[in-house]
1. Which helices, counted as full DSSP H runs in chain B, have an axial Cα extent of no less than 27 Å and a Kyte-Doolittle average of 0.0 or above?
2. Run down the lysines and flag those whose C-alpha is under 29 Å from the C-alpha of B:Lys10, throwing out any fewer than 8 positions away in its chain.
3. Kirkwood Rh, segment B:104-193, all Cα pairs: how many Å?
4. What is the percent of Cα-Cα separations in the protein assembly as shown that go past 39 Å?
5. Classify segment A:7-99 as rounded, prolate or oblate from the Cα gyration tensor: take a ≥ b ≥ c as the square roots of its eigenvalues, call it rounded if a/c is under 1.5, otherwise prolate when a/b beats b/c and oblate if not.
6. For B:Thr82, list long-range residues whose amide hydrogen, built 1.01 Å from N in the peptide plane, is under 5 Å from its own amide hydrogen.
7. State, to one decimal in nm², a quarter of the convex hull surface area for the C-alpha atoms of segment B:99-286, i.e. the direction-averaged projected area.
8. Express the C-alpha Rg of chain B as a ratio against the empirical globular expectation 2.2 N^0.38 Å, rounded to two decimals.
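Bear in mind these aren't lab numbers, they're just calculated from the coordinates by the rules spelled out. Please read all numbers here as calculations on a predicted model, not as lab measurements.
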Amino acid sequence: MSDTSKMQPDTYSAASEVGAVRTRRTWSQRAWITLKKAPFSAWLGMIIIAFYVFVALFAPLLAPYAEADSSFAAYAPWSSDHLLGTDQIGRDVFSRLIYGARNTMGIALITTILAFVIGGGFGLLAAITRNWVDQVISRFVDVLMAIPSLIFALMLLSIFGSNAISLIVIIAVLDSTRVFRLTRAVAINVVVMDYVEAARLRGEKLGWIMRREILPNIMPPLVAEFGLRFCFVFLTIAALSFLGVGIQPPTADWGSMVRENASLIQFAQFDLRAGITPLIPAAAIAIITVGVNFVVDWFLHHTSGLRDEH
Amino acid sequence: MHPVLATILKRIGLGVLTLFVVSVIIFSAVNMLPGDFGEAVLGQAATEETVAAFRRELGLDQHPVMRYVQWVGGVLQGDLGTSFSGRAASGVDRSRAVVDLVLPRLNNTLFLAAMTAIIAVPLALFLGITAALWRNSFYDKSASALTLTTISFPEFFVAYILILLLGTLYPMFPSLATVQPDMGLGERIYTAVLPALTLTLVIVAHMMRMTRAAIINLLASDYIEMARLKGESPRQVILRHALPNAWAPIATVIAFNLAYLVVGVVVVEVVFVYPGVGQLMVDAVSSRDIPVVQACALFFAATYIILNLIADVIGIVTNPRLLHPR
């Protein structure tokens, strides 16, 4: 490369570009380039998620009153003291809304992660072994999926009682069936690859093959599924809490807040703001679900051709 | 044997097997209860004799297999056991038979589901098929955006918006759908408008998206392309080539959503205080009245399994490849 060094600095030379040492873009640079190309809806979704996460993390700093502080007058209207009024036993609705972000999303997140650990682990195991283990787990999952999960969850909750731990475990186990199906389906295509065979031949253990050979190659569909599953878990927990058998008082959570304040709707003719109050936690649930869906849609579109059009 | 018949019999056999396993799971719910639940049901003051009598009545002193056979035998003869509620520590038993609790509500739930299905199924199929045919048009895109939003909404959110708008702000329909047994059909329908409308909105969104996806998938296949290239009219392509293969996916979509309806009913019934099986089940879960929970779970699970079975059978019966074997 002796002649390129004598070259004028402001002239372009293909030889110099090819000869230059190629620097790989850092992870953050690549992420930024991808993000810049993301459509508006994806950006909107990410901003919504970031906002919710911020509220959930800093709930004690943002909320004007404590989660279960019932020292105020019941059913107070919207005012500067109580932005969204108070509920039936005099708790500040705005504060409970903020704490609800932390409780509802926290429980949904733990449940989703647990569902992925169970479902993903067994899915990989089934895909790699493909023997009687696979058969047993698959048939078991078939049966579990033959019962609607809300009905199953209701039945199990009546046995084990409604508390946060049994709620998390029950929903995680029921939802892990879908994760299992997906993981097994995508992992089966990867298990037959030569590099997996090579890893097996050089004597790697099952754990290594699951974690280092297969998992990185099935990440995109699993990440998308994580988003959708989170939405689904979130809606299920909200529905169960709304029905009064999910997250129990005094823990603030959006589903039960809707139920507790529902009677305010009948006063909508006299005070529209009172009528809207029970809808606000429901809207909070709807907005985060829409936000996550937007991001997952874009992510799927970006990483694969899984969508039906284009 | 005709291959279609063989496939259908195999599928029905599988369905019966699933029903059996599911009934075993629901049955074993009682076994999973903590050991002291007899006292929990009868109260702290229950004497040892009343607890023992209660356990004997449930048959907990017998072998589980024996109890399962008796339980299934009872279910098949319409005997679902007696409710846990209404029992007192003194041994006085005012509990009611589960059948008497469930049966009247069963009619109400089926009425609501049927009312929803009659509106939702034709509407969703029409919207889905037209959206697929006029793909990427303004109509298609706005329908997709609208349905995606509706799907993301929890059922109770849709329900309360409807109550706010049509129940209190512009009172047209009653916001509490408390149907009575002595109501006439017209009054019954009028009372159940809001819950049916809520369910319709949720179901139509799901169903339309699935129908659209199924039809687009179908129209993208090679033989449709071939028919178009042969120069057949669009009508002929749809009616003669696409439709025979479309019955299976459409039946699946309908059955899946009717099954979904069965579950969605639970939340909607609670919102509108509609006296159906869903509300009964939620109340029973809160009071841990296991026999009632079992009966409701059995009803929901059986409906779900049977609907899926019907969809699969329709898919097999209408499959041109199976009907005309080489």
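1. B:3-27, B:98-133, B:193-219, B:243-271, B:290-317
2. none
3. Numbers: mean 1/r = 0.0646 Å⁻¹.
About 15.5 Å, per the Kirkwood formula over Cα pairs.
4. Values: 82063 of 201930 pairs.
Summing the P(r) of the protein assembly as shown above 39 Å gives 41 percent of all pairs.
5. prolate
6. Residues meeting the amide H criterion: B:Val98.
7. The number I arrive at for segment B:99-286 is 13.1 nm².
8. Here the answer is 1.23, to two decimals.
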